[in-house]
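A short reminder: the numbers here are calculations on the coordinates, not readings from a lab. These numbers were taken from a predicted model, which means no experiment stands behind them. All Cβ positions, glycine included, derive from the backbone under ideal geometry; neighbour counts span all protein chains shown.
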Amino acid sequence: MRIERLRTRLILLLVGLLALVLGAVFVAVYSATDSSAERQARQQLQVGANVFSRLLELRAQELAGATEVLAADFGFREAVASGDLPTIRSALLNQARRIGADEALFFDADGNIQVSSRMEVSGSQVELSALQPLSTNALVALIDEQPFLLVDAVVMAPLAVGQVAMAFRLTQELAEEMRSLTGLEVSFITAQGDEVLDRVGTLPMDHAIASLETPESSIVDVDGEVYLATRITLLQQDGLQVKAQLLSPLEDALAIFDLLKRELLLITLIALGVSSLAAYVMAGSLSRPVSLLAEAARRIGQGDYASMVTLKRSDELGRLAESIDTMREDIAERERQIAHNAFHDPLTGLGNLAKTRERLADSLSAGRSGALVAFYLSGAEDLIKARGQTFYSHTVVASADRIRARVPTNSLLAYHPGQGFLLVLNNMETDQAVITTDRLITILSERMDNDGMKLNLEWLAGVVAWPHHSDDPDELLRQVAIAAADAHPGPMRISVYQAKRDQDYMRRLRLIRDIHFAAQMRELSVVYQPKLDIASGEVRQVEALMRWHHSELGFIGPDEFILLAEQTGSIHKLTQWILGAIATQMRHWADQGVELGVAMNISALDLDDENFVDQVAKVLEKHGIDPAMLAFEVTESALMVNPERSLRSLHQLREMGISLAVDDYGTGYSSLAMLKSLPVQDLKIDKSFVLNLAEGSEDAVIVRSTIELAHNMGLKVIAEGVENAISLEWLRALGCDTAQGYYISRPIAALDLEAWLEKNRHTYKQTEHS
């Protein structure tokens with residue numbers, strides 16, 4: 001059941017806490033008491049064990065003296081020296097009776113038992129199973145599987161002629177005597193392995209602890225009574241054991257603490273009662289003002305910020321009331337600010353994306369038509385890189401101020417960070433919206449002075465109309481972004497949304513997504529286009545070209561997906577894939593005895609990758625490919641992206657032995673000085689200059705001068721785009737080194753290439769001599 005009243009909950013909480021604390025103290029002291037009692041009992045047990053050991057030693061010393069008296073007796077020594085066994089036995093019996101020994105033994109000089117006090121006839125056998133020193137004066141022995149305390153003395157006549165020993169059995173009487181001296185229950189246990197041979201003690205035999213495997217100090221239960229037990233090993237030899245078991249009743253040690261426990265319990269109960277009464281009074285003094293504050297907090301939670309919160313107290317509750325009232329005022333102000341910020345951009349003070357979406361939804365639900373315009377600053381990223389984010393923010397604010405008062409009545413001007421301005425034009429057709437947009441772009445593009453810097457800004461815009469294009473706010477926002485992306489500086493600075501462009505945009509997004517998985521889905525392949533050595537008429541090298549056949553969209557042209565790969569960073573993955581595929585094919589050709597070099601295109605992003613050169617080296621080493629058989633072609637524009645880094649990568653590749661060529665020469669920006677600094681061996685003339693050679697176009701002049709220039713710089717020339725025999729013969733006449741084009745062969749698969757090489761082995765040699 002849930003308790004609703006604060007006062008009751010405070011009482012229960014305080015009493016519960018007090019009970020918990022007092023209970024913890026009680027348990028701690030109680031446990032400490034038990035622990036102290038047990039520790040005291042263990043100390044008592046240890047003292048008793050020490051006393052027990054000392055008593056055995058004293059008994060042994062006493063008996064040893066009596067044994068030495070017999071060994072020193074002149075008559076006894078004479079009997080020993082003469083071998084008078086009856087006299088020796090009589091002396092042993094007399095001495096054993098005198099000192100109370102249970103057994104008297106005489107050993108010859110070799111340690112054999114010659115006489116025993118129990119022998120009726122000389123030569124009877126006494127079995128001595130084990131013998132182990134207990135102290136300097138005594139030993140423990142097993143005689144006829146019974147434990148004895150044994151003391152011995154050497155018989156000198158004048159040399160050692162034997163040894164006399166007195167044995168005292170470890171009996172129940174001895175255990176009773178030990179209990180009276182130590183206060184402990186004493187038992188003597190004799191065992192062989194796990195089998196008990198003999199057991200005597202102060203406890204009844206059925207109550208004694210039979211197991212010899214219990215710890216030397218432990219708590220044991222004997223017939224419902226708890227003892228602290230310890231074992232003293234007197235003898236352990238060849239599987240035979242003699243142990244003394246000492247037990248101390250734990251109840252006796254704990255009895256003296258029972259009164260302390262009862263007093264502790266009484267004190268705990270009294271403290272709990274007094275504390276409960278104090279908790280009841282304290283809860284009453286706290287519940288009423290807290291209830292008043294709770295009611296005030298409830299009103300604030302419901303949005304009532306007008307009622308003041310007061311409490312006429314000078315203590316913490318009074319100060320809490322003042323704090324709650326201050327909080328009431330702060331929350332009221334903050335909610336006003338949050339409500340404003342939720343629909344306004346903090347930088348410009350204009351409406352934000354949420355405000356734009358709300359206005360569109362209102363217009364659509366009211367059945368009104370209109371247009372949505374998105375303005376964005378062309379070159380914004382370059383401006384940020386050149387001048388910084390703060391300068392760009394100032395530019396945005398100044399631009400907002402320019403058009404804030406110029407937008408039509410009943411329209412909404414908003415700003416979306418990272419995108420640009422959004423303009424909602426209600427009750428306006430597309431043509432009218434374009435005219436309004438053009439007027440605003442003209443204002444935005446006027447020369448601006450920002451922080452002493454004159455700026456000529458280029459603003460672009462996209463326009464979408466509702467409900468013609470869509471009746472969904474989010475869809476209109478998406479469409480206007482596509483339209484704005486289609487705008488370009490100049491006459492096309494305003495672009496109206498077209499459905500076809502939407503399809504192209506969705507296709508582009510899908511290709512960007514799927515290009516990451518093209519290799520994994522086995523959609524990529526490589527084709528090879530032969531490169532003809534014009535002088536010899538042989539094909540010594542081919543160019544490897546990547547092809548992508550999408551599982552659903554079909555064939556994707558290289559001009560489309562290579563550009564997307566570079567823009568999205570996927571080009572590295574594609575380069576690694578085609579490099580591995582080419583190396584595998586080259587290894588296959590080499591194993592078949594086909595010596596054929598392969599050239600492939602690389603991107604500016606590949607040259608800018610610090611790991612690219614190492615990756616190429618690892619692939620070549622893995623497949624055992626001679627670097628001289630591989631060639632890389634790089635476009636002029638790629639070399640201009642990061643010239644320093646690109647040049648370093650090219651030098652590293654050249655040092656490996658890889659051939660290098662400048663691709664599509666004549667369409668980029670490379671200069672003669674740059675060509676001279678590049679570690680390239682080939683210059684590849686773009687096919688746009690070669691296609692029309694047969695028609696005698698002006699491109700022939702460019703091709704001729706390029707060949708002469710390249711040869712003068714020590715470079716070989718590759719002409720791509722050879723479409724007919726006239727162009728090939730014309731290039732031969734100019735001394736061009738290599739030709740490539742559909743006249744020679746289209747790009748074909750590796751298997752088809754092998755057949756083509758076999759079929760056309762002498763074709764171009766014949767052309768050379770014709």
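Here are a few things to note about the model shown:
- With a Förster radius of 35 Å applied to the C-beta separation of S135 and T33, the computed FRET efficiency comes to 0.35.
- Which of A191, M448, T584, positive extreme of dipole for the chain (C-beta unit charges): M448
- Virtual spin-label span in nm between Y505 and T442, 7 Å along Cα→Cβ: 2.8
- Calculated [θ] (222 nm, deg cm²/dmol) that DSSP helices of n ≥ 4 give over the chain, each run adding -39,500 (n - 2.57): -16500 deg cm²/dmol
- When the listed pairs K684/K759; K716/K759; K618/K687; K385/K684; K531/K618 are checked against a 29 Å cut-off, the alpha-carbon distance exceeds it for K618/K687; K385/K684.
- In summary, the chain shows an alpha-carbon radius of gyration equal to 2.00 times the 2.2 N^0.38 Å reference for compact globular proteins.
- Treating r as the C-beta distance of D431 and S378 and R0 as 22 Å, the FRET efficiency rounds to 0.40.
- Contour excess over end-to-end distance, with Cα ends at L353 and H488 and 0.36 nm allotted per residue: 46.2 nm
- Residues whose placed amide H lies under 5 Å from that of G201, excluding near-sequence neighbours: F188
- Under a 5 Å amide H cut-off, with hydrogens placed 1.01 Å from N, I748 pairs with Y528, Q529 among residues at least 5 apart or on other chains.
- Scanning residues 5 or more positions from V226 or on other chains, those with amide H under 5 Å from its amide H are L250, E251, with H placed 1.01 Å from N in the peptide plane.
- DSSP-loop trypsin sites (Lys or Arg not before Pro) across segment 368-399, with at most 16 other Cβ within 10 angstrom: R368
- Excluding same-chain neighbours fewer than eight residues apart, the aspartates and glutamates reachable from K355 by a Cα-Cα span under 14 Å are D345, D474.
- Dipole in debye (nearest 20) - segment 39-264, about Cα centre, beta carbon charges: Lys, Arg +1; Asp, Glu -1: 620
- Which of K618, K454 has the fewest Cβ neighbours within 10 Å, and the rest in rising order: K454, K618
- Of the GluC sites (Glu not before Pro) in segment 39-147, those whose Cβ has at most 13 other Cβ within 10 Å and which sit in DSSP loop: E120, E127, E145
- Gained length - M327 relative to N611, 0.36 nm times residue gap less alpha-carbon distance: 96.4 nm
- Remark: relative contact order (segment 512-759) = 19 percent; criterion is Cα-Cα distance under 8 angstrom and separation of 6 or more residues.
- Estimated vicinal HN-Hα couplings, Hz - segment 267-274 in sequence order (Karplus 6.51, -1.76, 1.60; Gly, Pro = x): 4, 5, 5, 5, 5, 5, x, 4
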